[in-house]
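The values are calculated or read from the model by the stated rules, or taken from the named source; none is laboratory data. No experiment lies behind these values; they were computed from the predicted model shown. FYI the Cβ positions are ideal-geometry reconstructions off the backbone, even for glycines, and counts take in every protein chain you see. Heads up: the accessible areas ignore ligands, DNA and RNA and are worked out on the full protein's heavy atoms, side chains in. Shrake-Rupley method; radii C 1.70, N 1.55, O 1.52, S 1.80 Å.
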Amino acid sequence: MIDQNGSPGTAPDPVSSTEARSPAAFCLIVDDEKSIRTLIARTLRPLMVMTEECGDAPSALRAIRTRTPDLIFLDVSLERSDAVEVIRGLGELQYSGNIQLMSGRDLPLLEEIKRVGERYALSMLPVLQKPFRIDAIAEILRNTGLGRPSGPGPQVNLFEALCAGWLELSYQPIIDLRTMQLAGAEGLARVNHPQHGTLMPDDVLPGADAASLLSLGEFSIDAALRDWCEFAEAGAPLRLSVNVPLGALMKLPIAAIVRDNRPRSSSWPGITLEVREDQILRDIRLVHEIATQLSIYNIYLAIDRFGYALSSLTDLMELPNVELKLDRSFVTGCAHDTVKKQLCQSVIALAHKYHRRVVAVGIEQLQDAQTLTRMGCDFGQGTLLGPPLSKDKIRQMIRINANRKQSG
């Protein structure tokens, strides 16, 4: 976060787009959840965007008077205030930058608040509903011409990144909701480019050929097996998972890859391969056969983005040792939305009936985490519990937790 301090005793001038700006774009992130502010700031940093973070309306308006942001990420609900209060202040200041309204609330309410901003002649971007993917933030920057120069992004393809060794895995913590302890992590592939920095998937994956996507799956599996040894040495034999397309299950010699490269420690819990629900349903019988074979080698499947094919729920439960990753669209707001709450409860109950574990993905609100815990959900993943971190930071987290246990 970059702090900007104004000179005392100087009356603020009306905000104008004609005032001098530094070469780097500047964004203000206004959200009462620090984890969300941090996530957006970390996403903007590789795009060469300077940021400042605020949790309430008064501090946001003070920051705007000190320095004019090119773009404001504005959440609806703030600490002891709300987005309408900020919008009124922006209207009085004649703010001419862009405003990105965001919230997990119902879309009609967001649209009404957007219209309030438009009545103040503010430039309101299309609303962004939470939960959102990191790619959405990069897309907003591209659409507004901020961050990297407008036009095509870095011309880096997946094959080039694989050959050059630019790929690495970041890990998002998976937390045991009963004990609130670190239980595992999902490996997420990132490109660490020597000139462009960390690249988003949209910069690399579009146009990737099938062979490169298979190589990406193989890289992810191999990297997770190597990284597990470092995590175990730091004090935690975590269950790691990586995303693979259905084609990788069918075409890669996954059993041989894991058999030849797996850690030899007796504490290795195996590895989980996450495959999207819609892909599994294309040929569930074949997936059942593959999953049965892979389980011999402690390789397990997780159904990613689970919850859309409830009519096939029983068939999916028949897959051996499968884990369910309850999609974020059902998790977010489940504490207050009756339909989401009932769906989450039904899925968790049925999964436990078949002795399956459930990971709730996209947990951003404490109330949702508490509701899922009361339902008996096994694990949670999301910005509330921890954003994606580098391998070194995960290792550091493990060591800190281990030291706390020893001192306790």
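Applying the criteria of a DSSP loop state and at most 15 other Cβ atoms within 10 Å to the chymotrypsin sites (Phe, Trp or Tyr not before Pro) of the range 267-324 yields Tyr308. The modelled label-to-label distance for the pair Ser295/Glu92, using points 7 Å beyond Cα in the direction of Cβ, is 6.4 nm. Toward the positive end of the charge dipole of the range 63-157, with +1 on the Cβ of Lys and Arg and -1 on the Cβ of Asp and Glu, the farthest Cα among Leu78, Ile64, Met102 is that of Ile64. Extending 7 Å from Cα along the Cβ direction at Asp315 and again at Gln342 yields two label points whose distance is 2.5 nm. Scanning the chain for trypsin sites (Lys or Arg not before Pro) in DSSP loops with at most 15 neighbouring Cβ atoms within 10 Å leaves 283-408 as the longest stretch between them. For the chain, the antiparallel share of DSSP beta bridges with both residues in that region comes to about 30%.
The magnitude of the dipole of the chain, with charges of +1 and -1 set on the Cβ of Lys/Arg and Asp/Glu and taken from the Cα centre, is near 820 debye. Solvent-accessible area per residue in the chain equals 47 Å², computed with a 1.4 angstrom probe and all protein chains kept.
Here the accessible area is traced with a 1.4 Å probe on the protein chains. For the range 233-291, carbon and sulfur cover 47 percent of it. In this calculation the C-beta distance from Ser59 to Asp135 is compared with R0 = 41 Å, giving a FRET efficiency of 0.90. Apolar share of the accessible surface for the range 334-408: 51 percent from carbon plus sulfur atoms, 1.4 Å probe. Rounded to the nearest 5, the antiparallel percentage of DSSP beta bridges internal to the range 23-107 is 10%.
Modelled label positions at Glu79 and Thr373, each set 7 Å beyond Cα in the direction of Cβ, lie 2.2 nm from each other.
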